[in-house]
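What follows is a set of notes on a single structure, which appears directly below.
The values are calculated or read from the model by the stated rules, or taken from the named source; none is laboratory data. The model shown is predicted, which means the values in this text are computed figures rather than measured ones. Positions of Cβ are backbone-derived with ideal geometry, glycine not excepted, and every protein chain shown enters the neighbour counts. In case anyone asks, the SASA skips ligands and DNA or RNA and just uses the protein heavy atoms, side chains included. Shrake-Rupley method; radii C 1.70, N 1.55, O 1.52, S 1.80 Å.
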Amino acid sequence: MIASLPIHKYVWVDSSHIRTNGKGLEPAVWFGLVSQYGRTWGLNVLLECGAIYRSLPPHAVAFCKDPDPWTIKEAQMWDCYADKFMLHEYSYLKEMTVRTKDHTGIYLFTAAFTDDGFTRAPEQQKEFSFIELDNGRLTIQPTNRTLFEDRSFTVDSGAPTDLVTQTEVWSCE
């Protein structure tokens, strides 16, 4: 249900999410993640005053002091569908440029749910890329909604339309 990020990130938190009559953004360090079934990912942060604030929604943080306006639907496509998960920073994808439907950003890390009915069905199993967007915001997208740019390998030909969803469970025994 909770995990440490592969690397902590300095962020700005929308004070209206954490304080009575909060206005504007305040600095924080994002260090942890929470998953609860039927909710958005929760971000655990250390505030400048030393307090820990748990389970901030992803649209409540920014990577710069003057980010674009942002909604929960832009930050995350689907609610979490399990409590157990793992985080991993793929070394090959580290800091790689990622394109989503409407934005470009930098790959941060991947989250994958474990030990639930969805992940046991190959057509439902998903990994989610956490992406720091160029507009200063965070988005969390499944791999079928992202395109990665490796300048020495990939060719920008648009999103493929002929990839099939894996539906079989493969076993050698």
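Here is how the numbers come out for the structure above:
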read-out: Filter result (open to solvent by 60 Å² or more (accessible area, probe 1.4 Å) and more than 18 Å from HIS103 (Cα to Cα)) within the stretch 44-76; value: LEU46, GLU48, CYS49, ILE52, TYR53, ARG54, LYS65
read-out: Tally, over the stretch 126-141, of residues that are under 13 Å from LEU33 (Cβ atoms) and either among the aliphatic types (A, V, I, L, M) or in contact with a Phe, Trp or Tyr (Cβ under 7 Å, 6 or more places away or on another chain) (or both); value: 3
read-out: Selection count, the stretch 67-89, where residues are of a type outside the set (A, V, I, L, M) and within 12 Å of the chain's Cα centre (by Cα); value: 7
read-out: Residue check, ASP79 surrounded by 11 or more Cβ atoms within 10 Å (Cβ to Cβ), touching a residue at least 60 places away in the same chain (Cβ under 8 Å) and out of contact with any strand residue (DSSP E or B) (no Cβ under 8 Å at 6 or more places or on another chain); value: no
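For every residue, the table says whether it meets (1) touching a Pro at 6+ places or on another chain (Cβ under 9 Å); (2) touching a residue at least 12 places away in the same chain (Cβ under 8 Å); (3) within 23 Å of LYS9 (Cβ to Cβ); (4) of a type outside the set (A, V, I, L, M, F, W, C).
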site	(1), (2), (3), (4)
SER55	no, yes, yes, yes
PRO69	no, no, yes, yes
GLU74	no, yes, yes, yes
PHE85	no, yes, yes, no
HIS88	yes, yes, yes, yes
THR97	no, yes, yes, yes
THR104	no, yes, yes, yes
GLY136	yes, yes, yes, yes
